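The values are calculated or read from the model by the stated rules, or taken from the named source; none is laboratory data. Being a predicted model, the structure only gives us computed values, none of them experimental. We place every Cβ from the backbone using ideal geometry, glycine too, and count neighbours over all the protein chains shown. Surface accessibility is based on the protein's heavy atoms, side chains included, excluding ligands, DNA and RNA. Shrake-Rupley method; radii C 1.70, N 1.55, O 1.52, S 1.80 Å.
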Amino acid sequence: MSESITAIKKLISDYNQAHTSKISVFENENMSRHTTFKIGGCAKIFALPEDTETLVFLLEMCENFGEKYYIIGHGSNLLVDDGGFDGVMISTEGLNRIDIHGDIMAAGSGAMLTRCASFAYKNSLSGMECLYGIPGSIGGAVYMNAGAYGGEMADIVIETVYIDKKTHKISLVNGKEHEFGYRESIFRKNGGIIIETKLSLRSGDYNEIGKTIDKYKAARREKQPIEYPSAGSVFKRYPGKYTAQLIDEAGLKGFTVGGAQVSEKHAGFIINKGGATARDVLSLIEIIKKKISDSHGIELETEIIYVN
């Protein structure tokens, strides 16, 4: 354990004794426990701040000690290296408050999408049905402009509070300032750390909202390999093409490297059949990319984020 990590642990302990808000800390934490892929080595420190204040404290402490850090939500779009992360992994799981005022929902970055969609449903608010079942957090969904079944976060996000990565000041973006695109947002460019997002929903019929959610749930069960650990769609959609169809037509459905397999149910997913390593997944990704490049001249881009 490096001197800086030892010092960070001591400072966090001192902070917890002096403050009401706490930071939970785990040493040499296996990241396979914190990603939907169930893959990844250990992080030197895994920290869970309870609120914005504790999050800012962690960021400033890492910077002061020159220790690298990485922010994660639910880990639903991540592939963590087998060697783990040589720094501080900071989870926003504790920033999970959800409030509704009229037809506006304010959700902390660590709040799960499905929980938010359920909360909206219980309050007869429509606009999140297509997001139900996506195993990610609000923060990650805004960061990636997550979407499904013709809808995306850009349709409902109106305001986001974030921490400026350079100054650690609390900042705000509204509407078009999010610069949403296909799996893109301003936060992928400026590195801003999302704290909370406000969503504009609309009043709807409770029963109709429930029927729509049930429809999407059934579609996911039928078409997606939700019974296996994965990180969702591996590749971005190529303009004018269905990536999963390209992979299927290339004869790669079911193709396996180690414990990683191109899903037989949906070729756009790579699943962990059991004991898959990050190396297995990366090797399989390269095989797919080369096959599609050779056969179609198309260079696929990954949607999942590799952390090492």
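Quote the relative contact order of the chain in percent (integer), defining contacts as alpha-carbon pairs under 8 Å separated by 6+ residues. Kindly include the intermediate steps, with their values, before the conclusion.
On the way: 634 pairs, mean separation 50.0, N = 308.
Here the relative contact order equals 16 percent.
Based on the alpha-carbon gyration tensor of the chain and its eigenvalue square roots a ≥ b ≥ c, which shape applies: rounded if a/c is under 1.5, prolate if not and a/b is larger than b/c, or oblate? Before the final figure, lay out the partial values.
Values: a/c = 1.86, a/b = 1.15, b/c = 1.61.
Because a/c hits 1.5 or more and a/b fails to exceed b/c, the chain counts as oblate.
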* At what distance in nm do the modelled label points of Lys290 and Glu27 sit from each other, each positioned 7 Å from its Cα along Cα→Cβ? -> 4.3
* Asked: For the residue pair Tyr306 and Thr20, what label-to-label distance in nm results when each label sits 7 Å from Cα along the Cα-to-beta-carbon direction?
  -> 4.6
* To do: Excluding Ile163 itself, calculate the net charge of residues whose Cβ lies under 13 Å from the Cβ of Ile163, where each Lys or Arg counts +1 and each Asp or Glu counts -1.
  => -3
* **Spin-label model distance (nm) - Ala7 vs Tyr238, 7 Å beyond Cα toward Cβ** => 5.0
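In Å², what does the accessible area per residue of segment 239-308 work out to with a 1.4 Å probe? Walk me through the numbers on the way to the answer.
Details: 3500 Å² over 70 residues.
On a per-residue basis, segment 239-308 sits at 50 Å².
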* Can you tell me which of 40-51, 296-307, 222-233 comes out highest on packing, and rank the rest after it, using the mean Cβ neighbours within 10 Å? => 40-51, 222-233, 296-307
* Asked: Considering only the other residues whose Cβ falls under 11 Å of the Cβ of Gly210, what net charge follows from Lys and Arg at +1 and Asp and Glu at -1?
  -> 0
* Proximal lysines to Lys265, defined as alpha-carbon separation beneath 29 angstrom and excluding residues fewer than eight positions away on the same chain -> Lys38, Lys211, Lys215, Lys217, Lys223, Lys236, Lys241, Lys253, Lys273, Lys289, Lys290, Lys291
* To do: May I ask for the distance between the Cα centers of segment 254-287 and segment 78-153, given as a whole number of Å?
  => 26
* Using alpha-carbon pairs under 8 Å, 6+ residues apart, how would you state the relative contact order of segment 47-110 in percent? -> 36
* To do: Rank by packing, highest mean first: peptides 81-88, 125-132, with packing defined as the count of other Cβ atoms within 10 Å averaged across residues.
  => 125-132, 81-88
* Structure fact -> Expressed as a percent, the accessible surface of the chain that is carbon or sulfur, using a 1.4 Å probe and the full set of protein chains, is 47
* Structure fact -> One point scatterer per Cα, no solvent, Debye formula: log10 I(q)/I(0) for segment 158-308 at q = 0.10, 0.16, 0.21 Å⁻¹ comes out as -0.52, -1.04, -1.17
